[in-house]
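Heads up: the structure comes next, in structure tokens.
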Amino acid sequence: MTTPPAPVPGLPDRLTIREVGPRDGLQPERPQPVERRVDLVRSLVGAGVSTIEVAAFVSPRAVPAMAEASAVVAGVRDALAAATGGGGTGGDVTLVALVPNVRGARMAAESGVDALTLTVSASEAYSQRNVHMSVDESLAQVEAVRDAVGDALPLDTVVSCAFGSPYEGDLEPADVAALGRRALAAGSTSLTYADTTGMATPARVAAVLGETGTDVGLHMHDTRGTALVNVYAAMQLGVRRFDTAVGGLGGSPFAAGAGGNLATEDLVHLCDDVGVETGIDLAALLAVSAQVAELVGHAVPSRVAAAGPRSRLHPG
């Protein structure tokens with residue numbers, strides 16, 4: 001047996017990964033039955049994933065794949081309770097739901113989720129196409145949601161198009177950071193900056209983080225093949241929280257050619273080799289990725305799912 005490489009200097013000891021596959025990943029796919037969505041979350045928990053965005057409390061007419069969100073949360077809660085012998089709901093597992101407004105937030109809170117996410121775009125044009133609201137109107141939803149749910153649930157505001165807009169091009173990092181500060185003032189408990197259409201590069205990541213600081217999450221899409229290198233650059237700068245989707249599913253329907261999320265297994269595979277702990281078992285996660293490919297009926301974009309981990313050697 002070969003000696004594993006030493007940890008790479010300058011990287012964190014551990015990352016927090018928020019798995020968004022059951023929501024962001026499945027959202028553009030054909031609708032799946034509640035029980036299959038619940039089974040996906042249960043499989044992810046079995047692989048060691050501890051923070052999962054499980055549903056979106058949005059109009060089923062607008063997003064058919066996210067219908068019956070309350071039933072999904074209830075099914076996951078029941079499955080996790082059964083896995084712990086009825087004595088709990090999954091221990092350290094955090095269930096997250098995306099909400100667009102007060103109505104969705106109240107439904108999510110009543111369902112029993114542990115945390116909420118809400119999206120505000122740094123791009124005015126993208127905001128109008130995505131949620132049919134101005135940026136200021138979206139920010140008002142942050143304050144309204146906080147007032148509606150009180151302090152009971154953490155609220156992470158995801159700032160979309162933080163590294164550029166498909167309609168307006170480059171955005172000023174100082175303006176993106178100012179929007180984040182406004183979201184915090186409105187009641188957000190944390191911020192995640194999203195490369196919604198894959199426009200980021202390491203230099204642009206550094207520029208935004210230079211304005212926002214590194215106590216933020218990042219949500220990277222792989223439209224132009226830079227998601228993993230962007231995350232690695234952010235890790236070196238001090239970021240410790242990232243969104244990923246099993247299989248690399250996802251992609252914005254409001255921007256032509258937008259690619260999926262950074263695949264969870266691609267990030268875990270890298271972290272395993274450079275000495276960064278994620279708490280996720282790669283072999284078990286790859287089995288879930290195969291389950292996802294069967295679920296959606298097509299191959300997933302993940303490179304590691306396609307090629308296998310580097311430890312898988314071919315004979316001769």
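Within segment 130-159, being within 11 Å of LEU118 (Cβ to Cβ), of a type in the set (D, E, K, R) and outside any helix (DSSP H, G or I) holds for one residue alone: ASP156.
Looking across THR157, THR244, THR189, one residue alone is among the β-branched types (Val, Ile, Thr) and out of contact with any Ser or Thr (no Cβ under 7 Å at 6 or more places or on another chain). It is THR189. Cβ separations smaller than 7 Å between residues 6+ apart or across chains give the following pairs from segment 269-293 residues that are among the acidic types (Asp, Glu) to residues that are part of a helix (DSSP H, G or I) and modelled with pLDDT of 95 or more: ASP272/LEU282. Does segment 281-299 contain at least one residue that is buried (at least 17 other Cβ atoms within 10 Å of the Cβ) and not in a helix (DSSP H, G or I)? There is no residue in segment 281-299 that is buried (at least 17 other Cβ atoms within 10 Å of the Cβ) and not in a helix (DSSP H, G or I). Only one of VAL76, VAL49 is over 22 Å from SER160 (Cβ atoms) and part of a helix (DSSP H, G or I); which? Every option except VAL76 fails the conditions. Scanning segment 42-72 for residues that are charged (D, E, K, R) and modelled with pLDDT of 95 or more, we see that the one that is surrounded by the fewest Cβ atoms within 10 Å (Cβ to Cβ) is GLU68.
Going through segment 197-225 one residue at a time, which ones are under 18 Å from GLY260 (Cα atoms), outside any loop (DSSP other than H, G, I, E, B) and of a type outside the set (A, V, I, L, M, F, W, C)? Result: GLY217, HIS219, HIS221.
Would you check if there is a residue in segment 87-94 being modelled with pLDDT of 95 or more and polar (S, T, N, Q)?
Yes, segment 87-94 has at least one match.
Checking each residue in segment 226-266 for being at pLDDT below 95 and either touching a Lys or Arg at 6+ places or on another chain (Cβ under 9 Å) or small (Gly, Ala, Ser) (or both) picks out GLY250, GLY251, SER252, PHE254, ALA255, ALA256, GLY257, ALA258, GLY259, GLY260.
Considering the conditions (1) within 19 Å of the chain's Cα centre (by Cα); (2) among the small types (Gly, Ala, Ser); (3) closer than 28 Å to GLY10 by Cβ; (4) surrounded by fewer than 22 Cβ atoms within 10 Å (Cβ to Cβ), ALA307 is excluded by exactly one of them, (1). ALA97 - would you say it is touching a residue at least 12 places away in the same chain (Cβ under 8 Å), closer than 26 Å to ALA183 by Cβ and either in a helix (DSSP H, G or I) or in contact with a Ser or Thr (Cβ under 6 Å, 6 or more places away or on another chain) (or both)? So ALA97 does not fit the description; no.
Residues in segment 7-37 that are closer than 18 Å to ALA115 by Cα and part of a helix (DSSP H, G or I): GLY21, PRO22, ARG23, ASP24.
The values are calculated or read from the model by the stated rules, or taken from the named source; none is laboratory data. Given the structure is predicted, the values throughout are model-derived calculations rather than measurements. Cβ atoms come from the backbone with ideal geometry, glycine included; neighbour counts cover every protein chain shown.
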